[in-house]
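Below is one structure, written out as structure tokens; the observations come after it.
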Amino acid sequence: MTSHPAGPRPRPRLLVRAVPVLWTVLLGLWGLSRGHSVWRDEAATWIVAQRSAGEIWHTLQHVDAVHGLYYLWMHALFGCFGPGITTLRLPSVLAMAVAAACVTAVGCRLRGTRTGLAGGLALALLPAIQFQLQDGRSYALVAAGAGISTLLLVTLLQGRGGAGRWAAYGGVVLVTGLLHWLSLLVLPAHAVTLLWTRAGRGTRARWAAASVCAVAGVLPLVLYSRTQAGQVAWIPPLTWHTVTGPAVLLAVGVLAALADRPRAGRLSVAAVGLPLLAVPQLGLIGLSFVQPVFLDRYVAFSQLGLALLIGAALDAAARAAAPRFPAASAWLVPVALVAAVAALLPQSVAVRSPGSRVDDVLAVSGHVRRLHRDGDAVLFVPAFRRDTALVSPGDFAGLRDIALVRGPAESGTLGGEEADPATIHALTLAQRRVLLVTDASLPPGPAPLARDEAKLAALRTHFTVVADERVRGRRVTVYERRSAGSRIS
């Protein structure tokens, strides 16, 4: 009777794959509310997902078309479970758990149980993944899609499955691309894997057909979202500082890949993990020479490749130690996990704190509730700082939003449609008390938009500051109208 070297029996294999899933879920549930804080990008999800399907469609014609499928998905979840921080973030936790399961499965298939287990456990500890693990945006779902498509590709390259799995591969890439079209950078990564492993002509042709169908399905979204390119105009151009992080990641990935003894023509962890790590990063850098779009969250899914390579490196270390230290080699992965948890604990705690994001739309609303009086007016600079009122409307009860002409849902925008600068200036001067909600670091000079400058000019010239409080990236300032005889300085 011949032995079966392909791997462990089904039940142990299933149990092994369940460990990283449970580990990822536990890390995701730890501090899920982040001190009851919500930052501006999550506020956009919260606001748009609560609109009707028709209103969401109207919104996508003006802003955030790239996130359309994600907003519809969250709209369905909010409809089933109600809006809340748990509903907002739990999908990301579960999606990243799926990504961890895919990393584990790929590692087990390509190198063995220890590689899969170590890679799956490592994924949730990576700093970029820990950030997305609890974020109410689409990037964890994109990571899950990239993991599933990579697992399907590995399965097909091992000769398991036919047309149905190729269709599934193309479908997963399509849906992932509709969640965020920059996830299509997974395709050139997979192309490098095909070249590395010297896949046959038939395999390459079927991969090309599935990829073309997926890209064709996403292309209308790509073209339409380009008309909204102004939304990413704030992203700075590439600098040496920008590319330092990717360069370090790639260096670590290359070193880890060497542990897998990469050889051309062999399907290995290096052949899958290194392209998955490197190609999306390099591709996004290349796109940024055309228009600055480099944000690490756009290619967070590439971290799955790094986790795979880490798993292979730990397995190689354990195998090297086994002849001389057999007992120690068995404990290498648990010891490495404990050491990584200890080393990353400060970062893990920090990323779960309210101050881990650029701002907190909920923190400032409490100050607004305490400072305002019925009949006071409120202004927002810029207009989307209105998100704090949209997420917590009860705290703004009794305040008059004097600049607003059409609400965000009605106008199909995130911040609403405001009056012209002259009207805003006149309406502001007619108030006795005004609360200004803005960023904590509001620049002292003129505002870039005429409407915002009209608000600030009226307040600075004709009002006196009577209260000013800053909290977690936001600021609320209370202005009172000077009397007619007051000296204006």
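The values are calculated or read from the model by the stated rules, or taken from the named source; none is laboratory data. Note that the coordinates shown come from a computational prediction; the quantities given were computed from them, not determined experimentally. Cβ: placed from backbone, ideal geometry, glycine included. Neighbour counts: every protein chain shown. Areas reflect the complete protein model, heavy atoms only, side chains present, ligands, DNA and RNA absent. Shrake-Rupley method; radii C 1.70, N 1.55, O 1.52, S 1.80 Å.
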Scope the range 330-340; condition within 18 Å of L308 (Cα to Cα) and touching a residue at least 12 places away in the same chain (Cβ under 8 Å); matching residues
L332, V333, A336, L337, A340
Across the range 267-306, which residue is nearest to Q231 (Cα to Cα) among those that are crowded, with 24+ Cβ neighbours inside 10 Å and among the β-branched types (V, I, T)?
V299
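Looking only at the range 33-48, which residues are part of a loop (DSSP other than H, G, I, E, B) and either among the hydrophobic types (A, V, I, L, M, F, W, C) or open to solvent by 10 Å² or more (accessible area, probe 1.4 Å) (or both)?
Taking the range 33-48 and keeping what is part of a loop (DSSP other than H, G, I, E, B), we get 33-39.
Of everything in the range 33-48, those that are part of a loop (DSSP other than H, G, I, E, B) and either among the hydrophobic types (A, V, I, L, M, F, W, C) or open to solvent by 10 Å² or more (accessible area, probe 1.4 Å) (or both) turn out to be S33, G35, H36, V38, W39.
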From the list T86, T59, exactly one residue is surrounded by 17 or more Cβ atoms within 10 Å (Cβ to Cβ), polar (S, T, N, Q) and part of a helix (DSSP H, G or I). Which is it?
T59
Taking into account only those residues within the range 458-482 that are among the charged types (D, E, K, R) and part of a strand (DSSP E or B), which is farthest from the chain's Cα centre (by Cα)?
R481
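Within the range 205-220, how many residues are open to solvent by 30 Å² or more (accessible area, probe 1.4 Å) and either assigned to a loop (DSSP other than H, G, I, E, B) or farther than 14 Å from Y169 by Cα (or both)?
3
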Could you grab me the full set of residues in the range 116-147 that are more than 21 Å from V335 (Cβ to Cβ) and not in a helix (DSSP H, G or I)?
Q134, D135, G136, R137, S138
What residue, among those in the range 386-419 that are over 29 Å from the mean Cα position of the chain (by Cα) and aliphatic (A, V, I, L, M), is modelled with the lowest pLDDT?
A397
Go through (1) part of a helix (DSSP H, G or I); (2) open to solvent by 10 Å² or more (accessible area, probe 1.4 Å); (3) out of contact with any Gly (no Cβ under 7 Å at 6 or more places or on another chain); (4) closer than 18 Å to W39 by Cβ and name the single condition L414 misses.
(1)
In the range 228-257, which residue that is free of Cβ contacts under 8 Å to residues at least 12 places away in the same chain and not small (G, A, S) is nearest to G119 (Cα to Cα)?
V248
Any idea which of A343, A339, A350, A383 is among the aliphatic types (A, V, I, L, M) and open to solvent by 60 Å² or more (accessible area, probe 1.4 Å)?
A343
Between residues in the range 173-195 that are within 18 Å of L282 (Cα to Cα) and residues that are outside any helix (DSSP H, G or I), which pairs lie under 6 Å by C-beta distance while being six or more apart or on different chains?
H180/S138
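Can you give me the ranges of the helices (runs of 4 or more DSSP H) entirely in the range 293-385 with at least 1 residues that are over 17 Å from the mean Cα position of the chain (by Cα) and at pLDDT 90 or above? Quick ask: steps written out before the conclusion?
On the way: elements: 303-321, 326-330, 332-351, 361-371.
Filter on the range 293-385 gives 303-321, 332-351, 361-371.
Table: residues versus (1) in contact with a Phe, Trp or Tyr (Cβ under 7 Å, 6 or more places away or on another chain); (2) buried (at least 24 other Cβ atoms within 10 Å of the Cβ); (3) free of Cβ contacts under 8 Å to residues at least 60 places away in the same chain; (4) of a type in the set (K, R).
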position	(1), (2), (3), (4)
V142	yes, yes, no, no
G147	no, yes, no, no
T150	no, yes, no, no
L157	no, no, no, no
A163	no, no, yes, no
A167	no, no, yes, no
K455 passes all but one of the listed conditions (1) surrounded by fewer than 17 Cβ atoms within 10 Å (Cβ to Cβ); (2) outside any strand (DSSP E or B); the exception is number (1)
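Of the residues G177, G147, only one is closer than 24 Å to G119 by Cα, modelled with pLDDT of 95 or more and within 19 Å of the chain's Cα centre (by Cα); which? Working first, answer last.
Working: G177 fails: closer than 24 Å to G119 by Cα.
Within the list G177, G147, the selection yields G147.
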Restricting the range 15-36 to residues that are of a type in the set (A, V, I, L, M) and out of contact with any helix residue (DSSP H, G or I) (no Cβ under 7 Å at 6 or more places or on another chain), which is nearest to R352 (Cα to Cα)?
L26
Name the single residue that is farthest from P421 (Cα to Cα) among those in the range 458-486 being open to solvent by less than 50 Å² (accessible area, probe 1.4 Å) and among the hydroxyl-bearing types (S, T, Y).
S486
Exactly one condition in (1) touching a residue at least 12 places away in the same chain (Cβ under 8 Å); (2) open to solvent by less than 40 Å² (accessible area, probe 1.4 Å); (3) in a helix (DSSP H, G or I) is not met by G202; state its number.
(1)
